[in-house]
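The values are calculated or read from the model by the stated rules, or taken from the named source; none is laboratory data. Keep in mind it's a predicted model, so treat the numbers as computed, not measured. Here the Cβ positions follow ideal geometry from the backbone for every residue, glycine too, while neighbour counts run over all protein chains shown.
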Amino acid sequence: MDNVGYRFCGRSGLKLPRISLGLWHNFGDVDNKEEAVRMLHYAFDHGITHFDLANNYGTPYGSAETNFGKILKKDFASHRDEMLISTKAGHDMWPGPYGNGGSRKYLIASLHQSLKRMGLDYVDIFYSHRYDPETPIEETMGALSDMVRQGKALYVGISKYPEDKAREAYRLLRENGTPCLIHQGRYNIFNRSIEHDTLPLAAENGVGFIGFSPLAQGLLSDKYLNGIPDDSRAAHSYGFLKREEVTPDVIKKVRKLTDIAARRGQTLAQMALAWCLRLEEVNSVIVGTSSLKQLQSNLDALEKPSFTDEELWLIGEQGAV
Ligand SMILES: NC(=O)c1ccc[n+]([C@@H]2O[C@H](COP(=O)([O-])OP(=O)(O)OC[C@H]3O[C@@H](n4cnc5c(N)ncnc54)[C@H](OP(=O)(O)O)[C@@H]3O)[C@@H](O)[C@H]2O)c1
């Protein structure tokens, strides 16, 4: 196993690979299954020990967990203790009043379903996928804590919580004796808001941080420079990135960023990943890849981790979209 490099997650004893692999897109029933197997093998063989899932990942919902579970059973059964597997509940999953939100009913039923789909006894991290203003936060945190006590999750985390609610969540989880391990939030050159609230609060509480969509779903690459390719996320009806988001203004910024990356001897995707990891408080970034080639190329981001002040300034100039 190559060493991708690991960082401690907050003040915990748990190490995260600097690059983690996310299975939101590219691992569902609509995706290329052979490529999915190849990517998981390559990732694990190169030290990517952390695989990030959620109940509703894949098209249709749940299919990423089911497919991941099949590959785990066939190829990785003897490696379970070398892997860090996370799942989440919080967004839309099944019809009716109990398949969305932050209720105890939803979170616990959902984790049971996720474990069944993946063929696991426990997950390493169970997240509340979003803050639900309609559920008392004590109820949501109580459900997370109980999953730890029952041995169905080793750690718990929160995702995309606003600052005031994250503060409450950290306090409640601490009081429950199951401290929050990690906050998962969007972080990339175009979306830096966590630097001002989420990151300092997490650091103050000893909570780790992991960034998602470090490539802004593929916008921070050379992919869309000459239009929207048929095999891209923006072209798929089931992709979360919409055609309308690939605007001339975004592409203008992407061109400028591509030039900065080229002067550093990197692709834009590689520079975008290295840029997220320049902050030690960003313990890991979760990248998504639709091909083995993308994954291989993205891992090379780790070869040029440092930035000059001038580079940071120039990148910052293109930051907000
Ligand atoms: N907590 C949350 O609410 C939340 C939300 C979103 C994501 N996440 C997590 O974060 C993970 C990553 O999110 P994401 O998929 O949006 O991440 P991302 O890394 O920003 O985007 C991934 C997409 O970028 C394109 N790409 C990747 N490498 C490339 C390269 N070298 N060259 C050109 N294009 C490249 C691919 O798109 P194409 O398909 O177009 O090739 C790929 O599917 C998810 O899988 C999930 O685990 C969590």
**Asked** Among the residues of region 264-300, which ones are more than 8 Å from the ligand (Cβ to nearest atom), assigned to a helix (DSSP H, G or I) and over 15 Å from Asp222 (Cβ atoms)?
**Response** Ala274, Trp275, Cys276, Leu277, Leu292, Gln296, Leu299
**Every pair of residues 6+ apart whose Cβ atoms lie under 8 Å, when the first sits in region 19-35 and is under 13 Å from Gly239 (Cα atoms) while the second is of a type in the set (Val, Ile, Thr) and near the ligand (Cβ under 9 Å from one of its atoms)** = Asn26/Thr289
**Asked** So is Leu53 more than 16 Å from the ligand (Cβ to nearest atom) and surrounded by 17 or more Cβ atoms within 10 Å (Cβ to Cβ) or not?
**Response** no
**Prompt:** Which one of these is surrounded by 15 or more Cβ atoms within 10 Å (Cβ to Cβ) and more than 15 Å from the ligand (Cβ to nearest atom): Leu241, Leu172, Leu219, Leu181?
**Reply:** Leu172
**Request:** Would you check which residues across region 222-233 are near the ligand (Cβ under 7 Å from one of its atoms) and modelled with pLDDT of 95 or more and list them?
**Result:** Asp222, Lys223, Ser232, Arg233
**Prompt:** Within the group Glu134, Glu139, Glu163, which residue is touching a helix residue (DSSP H, G or I) at 6+ places or on another chain (Cβ under 7 Å), farther than 17 Å from Thr198 by Cβ and of a type outside the set (Ser, Thr, Tyr)?
**Reply:** Glu139
**Asked** Name the pairs whose Cβ atoms lie under 7 Å apart, with the first residue in region 179-202 and closer than 19 Å to Phe8 by Cα, the second among the charged types (D, E, K, R) and in a helix (DSSP H, G or I), and 6 or more positions between them or separate chains?
**Response** Thr198/Glu163; Leu201/Glu163; Leu201/Arg167
**Message:** Just checking, does region 166-178 include any residue being at pLDDT 95 or above, within 22 Å of Pro214 (Cβ to Cβ) and touching a helix residue (DSSP H, G or I) at 6+ places or on another chain (Cβ under 7 Å)?
**Reply:** yes
**Request:** Scan region 270-279 and give yes if some residue there is over 30 Å from Glu34 (Cα atoms) and among the basic types (Lys, Arg), otherwise no.
**Result:** yes
**Where a residue in region 92-105 is in contact (Cβ under 8 Å) with a residue 24 or more places away in the chain and more than 13 Å from Asn55 (Cα to Cα) and its partner, wherever it lies, is of a type in the set (S, T, N, Q) and assigned to a loop (DSSP other than H, G, I, E, B), with Cβ under 7 Å and at least six apart** = Gly102/Thr135; Ser103/Thr135
**Odd one out for Asn205, checked against (1) among the polar types (S, T, N, Q); (2) away from the ligand (no atom under 14 Å from the Cβ); (3) over 29 Å from Phe126 (Cα atoms)** = (3)
